[in-house]
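One structure below.
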Amino acid sequence: MSTKETIEFRKQVVEEVLEVYPEKAKKNRRQHIAVKDSECASCAVKSNAKTVPGIMTARGCAYAGAKGVVWGPVKDVVHISHGPVGCGYYSWGNRRNLADGEIGVDNFVPFLFTSDFQESDIIYGGDKKLEKIIDEVVGLFPNAKGVSVLSECPVGLIGDDIESVARRMSEKIELPVIPVRCEGFRGISQSLGHHIANDAIRDHLLGKGPAREIGPYDIGIIGDYNIGGDAWASKKILEEMGLKVVNIWTGDSTLEMLQNGHLVKLNLIHCFRSMNYIAKHMEETYGTPWIEFNFFGPTKIKESILKIAAQFDDYIMEKALKVIEKYAAPMQKVIDTYRPRLEGKSVMLYVGGLRPRHIVGAYEDLGMEVIGTGYEFAHNEDYEKTIPALKEGTLIYDDVTALELEEFVKKLKPDLVGSGIKEKYVFEKMGLPFRQMHSWDYSGPYHGYEGFPIFARDMDMAINSPTWKSIKAPWTK
Amino acid sequence: METCTKVTKEWLNTQEYREKNFAREKLVINPAKACQPLGALLCALGIEASLPFVHGSQGCAAYFRSTLSRHYREPVAAVSDSMTEDSAVFGGQSNLIEGLKNANALYSPKVIAMFTSCMAEVIGDDINAYLGNAKEQEAIPKDLPVALANTPSFKGSHITGYDTMLKGLIECLATPRQEDKINNRLYVVPGFDTYTANLREYKRLLKVMDAPYTLLPDQSDVLDAPNLGTYELYPGGTPITEMNDALNAASFLFAQTYSTPTTRKYLAGMEVPVEVISMPIGVEKTDKFIEAVAKFTGKEVPEEITIERGRSIDAMTDSHQYIHGKKFALFGDPDVLIGVVSFLLEMGGEPVHIVCTNSTPLFKKAMESMLASSPYGQTATLYAGKDLWHLRSLLVTEPVDMLIGDSHGKWAARDANIPLVRIGFPITDRVNLHRYPIVGYSGVINMITMIVNTFLEEKDRTSTDPYFEMMR
């Protein structure tokens with residue numbers, strides 16, 4: 001098919017798939033889906049809007065964005081899931097944000113701390129209980145550097161005042177107690193939770209850390225949650241370049257890193273969506289500059305290394321070039337191994353914050369083509385950043401429903417689907433290779449030079465697994 | 001900093017810390033319980049062409065689906081009506097009505113199983129009235145059954161939600177009991193059971209015993225669906241026709257006690273004969289199941305079953321030496337705990353610490369009386385309402401040889417340097433365990449295999465040269 005034919009075909013597919021909806025839902029959903037067509041000025045994607053009730057969305061809630069994404073990885077803080085037991089239980093130990101530290105001593109990442117609301121707490125309020133809980137936290141975990149209170153739906157609905165509890169308790173225990181108003185009903189996705197979490201860092205921690213001299217090469221990584229060790233892989237490159245990573249937000253991070261996020265020469269943003277707010281704030285308030293970067297796949301890594309080095313002096317640029325040179329051969333070897341096995345294979349993605357665009361280059365390094373992509377909770381600026389990275393005819397879908405994604409995949413027939421746990425087994429039942437692209441399917445890291453060989457191996461393993469060949473029984477027609 | 005860290009780590013393992021830890025009153029750390037709607041969702045999946053519908057925040061639905069998918073490694077379908085801030089002000093009726101309309105148009109379910117999450121419960125949404133209005137407004141056909149369950153997360157746990165949804169489904173789908181229309185079937189309710197193989201095992205045993213039966217609900221084909229190259233949204237479940245006829249059941253047999261009281265009470269009120277037994281884990285409890293079914297059929301227990309039982313006893317005597325006198329800690333749901341502890345006692349194993357976060361007074365009484373009646377139960381303590389951080393303190397101050405529980409126990413087991421045998425829910429770090437039954441006589445053999453081979457692996461892995469032997 002020519003590009004023009006592809007565009008027309010995919011536009012047709014969209015119309016066919018939308019047919020299933022009642023009129024109101026159809027009208028709504030049509031605005032969220034587009035085919036990249038440079039000749040079509042009106043082909044924009046609506047985003048960051050309410051999900052249509054009753055369709056099967058992959059989206060989560062503000063609590064998931066605030067606790068699961070932003071606050072959960074901060075290792076030396078005790079994060080209290082404030083409300084009934086469920087939210088904390090379901091977000092316990094399954095995001096793969098690795099942290100280095102002694103568990104229960106100065107690393108509380110693999111824990112679930114909950115106020116386990118009962119009916120009486122709903123009736124009488126949970127503020128007193130929260131005070132007692134914070135006292136108990138300090139008694140049992142004396143090395144904790146602070147306490148965060150992540151409120152679940154009922155807390156906001158019954159009118160509890162966790163802010164004043166936090167203020168009182170912070171004075172009493174002489175540690176930061178950070179109220180995070182991330183009730184799940186706020187906003188329309190995880191996204192508002194990220195924002196609320198950023199604001200809590202801004203209001204309660206930033207600029208309140210111990211004084212620190214800023215070294216000439218001090219930098220911070222913002223929006224890397226260390227999934228499967230991603231942040232460590234990114235850090236390795238930056239340090240080989242001669243830079244000093246003093247903060248990571250928030251993968252494997254500490255309370256002090258959040259307090260001193262502005263005390264760097266430059267902040268590097270990986271996941272723009274979840275942490276752009278605070279990066280912009282640091283720039284406006286403290287003059288700390290930030291740039292975006294992309295450490296997925298050797299092409300983007302090289303571009304990013306050069307972009308980052310250009311912010312510093314010749315010393316760094318020289319080292320940066322050496323890093324690029326050092327890894328050129330090993331990366332080429334990865335490409336030589338896997339590209340012949342993956343060349344021309346197509347991928348459809350549906351993920352979260354940055355990956356629907358950031359990871360496109362890594363697939364291209366392997367000779368693969370992204371033919372469909374979309375975000376769970378992006379805003380317009382994310383799509384503005386994404387569309388230029390895509391080929392003509394790429395299908396773009398925002399807050400795609402389970403049914404749409406199934407139908408799009410059936411019609412576009414990609415060789416690989418990359419999405420989340422809720423989607424994984426649907427496509428595997430269809431006999432389609434799949435990789436979880438939130439959790440790296442329990443593999444990783446995928447960032448950096450360390451990550452690319454693992455990424456390449458994993459994609460090859462999924463697509464070329466011999467297991468797919470056994471699906472059809474020899475006696476069936 | 002370094003020394004401070006070291007001191008504290010050791011302190012966590014002290015008796016002093018244990019006392020401090022047990023003195024906590026409000027803070028809950030690593031509880032072994034989820035919330036009601038998760039259980040409601042699991043229940044709903046076990047009915048033919050049933051679409052679970054969360055009335056509440058969409059994040060809840062995402063969490064339940066992910067959690068179940070991670071355990072089963074299967075797709076889990078559920079919709080929500082995505083209530084947001086404006087619903088907090090105006091109530092969730094408009095979301096509910098629009099949600100029903102869209103869900104029905106997209107997924108053509110035979111029944112919608114609607115249950116609530118926190119938000120709807122706190123603001124006091126009347127889902128029954130809303131449903132009436134939805135039908136009035138023709139958002140969905142008047143004859144589309146919608147089962148309702150109020151499942152607030154701040155009461156009970158996942159097993160409560162399972163029970164409430166089950167009652168809701170029967171209430172919604174079953175026609176009133178008519179004495180002249182009593183069917184000949186035994187309706188078997190597995191309870192909150194996350195082993196698809198357990199469900200298949202019940203069906204196999206019932207078939208061998210020639211008992212006409214309905215398994216209600218039955219997620220075995222839904223959460224252990226074959227890969228045939230196509231995705232089926234509704235791959236199985238208890239047939240709707242058998243749901244319709246549920247109140248005309250000859251009898252109901254409940255294979256779990258603590259995850260089913262509401263449904264049992266409802267059925268008894270409808271004058272349906274109800275029998276409840278312990279979850280058939282271990283020989284004695286399986287015997288009770290077989291006897292209950294035989295009582296129902298009025299037939300002799302087939303020889304095949306006696307032979308099968310004999311094989312499991314053979315496995316027990318063959319390997320009693322590896323379990324006898326070994327000390328165990330366990331945690332999990334009440335029904336599973338009663339069963340697994342009963343099995344250990346039969347093997348001469350000694351349960352020491354039993355942690356049940358979602359304990360009830362009746363369960364406590366039953367567990368304590370079972371322990372008291374066995375010479376191997378004398379050293380055991382049931383810690384009702386405690387969590388896995390309490391359990392950790394127990395393991396490091398009063399060591400045992402093995403921990404039995406779900407994947408969340410892996411940190412405590414690691415700190416205590418003992419193996420964890422995974423029985424329960426969720427199991428997210430091992431494959432296929434839900435495909436091996438723990439109920440019935442075959443469950444006995446499977447549990448022996450898991451427990452004994454884990455001990456023997458440990459022994460091989462840790463033994464020095466002279467003691468590294470060919471035979472164990």
Starting at the first residue of region B:175-184, write each ³J(HN,Hα) from the Karplus equation 6.51 cos²θ - 1.76 cosθ + 1.60 with θ = phi - 60°, in whole Hz, x for Gly and Pro.
-> 7, x, 5, 10, 4, 8, 10, 4, 8, 9
Give a quick list of GluC sites (Glu not before Pro) in region B:294-402 that DSSP marks as loop, anything other than H, G, I, E or B, with at most 16 other Cβ atoms within 10 Å.
-> B:Glu300
Evaluate peptide A:187-194: per residue, the Cβ atoms of other protein chains within 10 Å of its Cβ; return the mean as an integer.
-> 2
Too long for a 30 Å Cα-Cα cut-off, among A:Lys132/B:Lys9; A:Lys50/A:Lys472; B:Lys265/B:Lys299, are A:Lys50/A:Lys472
Whenever you get a sec, compute what percent of the accessible area on region B:1-142 sits on carbon and sulfur atoms (1.4 Å probe).
-> 49
Quick one: pull the percentage of alpha-carbon pairs in region B:208-357 with a separation above 21 Å.
-> 60
Using the heavy atoms of the protein chains alone and a 1.4 angstrom probe, what is the accessible area of region B:1-132 per residue in square angstrom?
-> 30
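Ordered by packing density, taken as the mean number of other Cβ atoms within 10 Å over each peptide's residues, highest first, how do A:211-217, A:133-139 rank?
Ranked from most to least packed, the peptides come out as A:133-139, A:211-217.
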Cα→Cβ-extended label distance, 7 Å offset, between A:Asn380 and B:Glu300, nm = 8.2
Please give the direction-averaged projected area of the C-alpha convex hull for region A:183-251, in square nanometres with one decimal.
-> 6.1
What is the distance, in nm, between label points placed 7 Å from the Cα along the Cα-to-Cβ direction at A:Ala41 and at B:Gln15?
-> 8.3
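Out of the GluC sites (Glu not before Pro) in region B:406-472, which ones are loop residues according to DSSP with at most 12 other C-beta atoms within 10 Å?
Numbers: sites: B:Glu457, B:Glu458, B:Glu469; in loops: B:Glu469.
Here the sparse-neighbourhood loop sites are B:Glu469.
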Estimated vicinal HN-Hα couplings, Hz - region B:15-21 in sequence order (Karplus 6.51, -1.76, 1.60; Gly, Pro = x) = 5, 4, 5, 4, 5, 4, 5
Beta bridges per DSSP with both ends in the protein assembly as shown, % antiparallel, nearest 5 | 10
Roughly how big is the B-A contact, given as buried accessible area in Å² (both sides, 1.4 Å probe, nearest 100)?
-> 7000
Just add up the charged neighbours of A:Tyr225: K/R +1, D/E -1, any other residue whose Cβ is under 11 Å from the Cβ of A:Tyr225.
-> -1
Relative compactness, region B:1-148, computed as alpha-carbon Rg over 2.2 N^0.38 Å | 1.44
Ranked from the most accessible area to the least, with a 1.4 Å probe and all protein chains present, what is the order of A:Lys27, A:Lys345?
-> A:Lys27, A:Lys345
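Averaged over its residues, how many other protein chain Cβ atoms are within 10 Å of peptide B:75-87's Cβ atoms?
The shielding value for this peptide is 6.
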Quotient of Cα Rg and 2.2 N^0.38 Å for region A:381-465, N being how many residues it contains | 1.16
Between region B:365-430 and region B:18-32, what is the C-alpha centre distance in whole Å?
-> 16
For the protein assembly as shown: span of alpha carbons on each principal axis (Å, largest first) = 89, 66, 62
Site A:Thr476, offset 7 angstrom along Cα→Cβ, radius 18 Å on amide nitrogen, limited to region B:217-236, gives B:221-236
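Filter the cross-link list A:Lys46/A:Lys385; A:Lys27/B:Lys135; B:Lys20/B:Lys410 down to pairs whose alpha-carbon distance in this structure exceeds 18 Å.
Values: A:Lys46/A:Lys385 14 Å; A:Lys27/B:Lys135 23 Å; B:Lys20/B:Lys410 23 Å.
Going by Cα-Cα distance, A:Lys27/B:Lys135; B:Lys20/B:Lys410 fall outside the 18 Å limit.
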Could you run the Karplus curve 6.51 cos²θ - 1.76 cosθ + 1.60 with θ = phi - 60° over region A:422-431 and give me ³J(HN,Hα) per residue in whole Hz, x for Gly and Pro?
-> 6, 8, 3, 7, 4, 6, 5, 5, 7, x
One finds, for A:Gln311 and A:Phe9 with R0 = 51 angstrom and r their Cβ-Cβ distance, a FRET efficiency to the nearest 0.05 of 0.70
Kirkwood-Stokes translational diffusion coefficient of region B:72-191, alpha-carbon pairs, 20 °C, 1.002 mPa s, µm²/s | 134
Report in % the part of the accessible area of region B:291-389 that belongs to carbon and sulfur, leaving out ligands and nucleic acids; probe 1.4 Å.
-> 54
Chain A - accessible surface per residue (Å², probe 1.4 Å) | 35
In terms of modelled amide H atoms, which long-range or inter-chain residues lie less than 5 Å from the amide H of B:Ser359?
-> B:Gly385
For region A:110-191, what does the alpha-carbon gyration tensor say about shape, rounded, prolate or oblate, given a ≥ b ≥ c as the root eigenvalues, a/c under 1.5 as rounded, and a/b over b/c as prolate?
-> prolate
Tell me, what is the FRET efficiency for B:Gln137 and A:Gln118 to the nearest 0.05, using R0 = 51 angstrom and their Cβ-Cβ distance as r?
-> 0.90
Counting only residues 5 or more apart in sequence or on a different chain, those whose built amide H sits under 5 Å from that of B:Thr214 are B:Leu186, B:Tyr187, B:Val188
Gain in length, B:Asn183 to B:Asp126, computed as 0.36 nm per residue apart minus the alpha-carbon separation, to one decimal in nm?
-> 17.0 nm
Threshold 50 Å², region B:42-73 residues less accessible with all protein chains present than alone (1.4 Å probe) | B:Gln58, B:Tyr63, B:Arg65, B:Arg70, B:Arg73
What per residue convex hull volume, in Å³, comes out for region B:297-406 when only alpha-carbon positions are used?
-> 129
Of B:Leu216, B:Leu186, B:Ser319, whose Cα points farthest to the positive end of the dipole of chain B (charges on the beta-carbon: +1 Lys, Arg; -1 Asp, Glu; origin at the Cα centre)?
-> B:Ser319
Take peptide A:102-115, look around each residue's Cβ out to 10 angstrom, count Cβ atoms belonging to other protein chains, and average those counts.
-> 5
Taking the Cα centre of region A:353-393 as the origin, how large is its charge dipole in debye, to the nearest 20, when only Lys and Arg (+1) and Asp and Glu (-1) carry charge on their Cβ atoms?
-> 40
Long-range alpha-carbon pairs in chain A, meaning those over 42 Å apart, account in percent for 19
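The values are calculated or read from the model by the stated rules, or taken from the named source; none is laboratory data. Since this is a predicted model, take the numbers as computed values, not measurements. Quick reminder, even Gly has a Cβ in these numbers, built from the backbone with ideal geometry, and neighbours come from all protein chains shown. Only protein heavy atoms, including side chains, enter the accessible area calculation; ligands, DNA and RNA are left aside. Shrake-Rupley method; radii C 1.70, N 1.55, O 1.52, S 1.80 Å.
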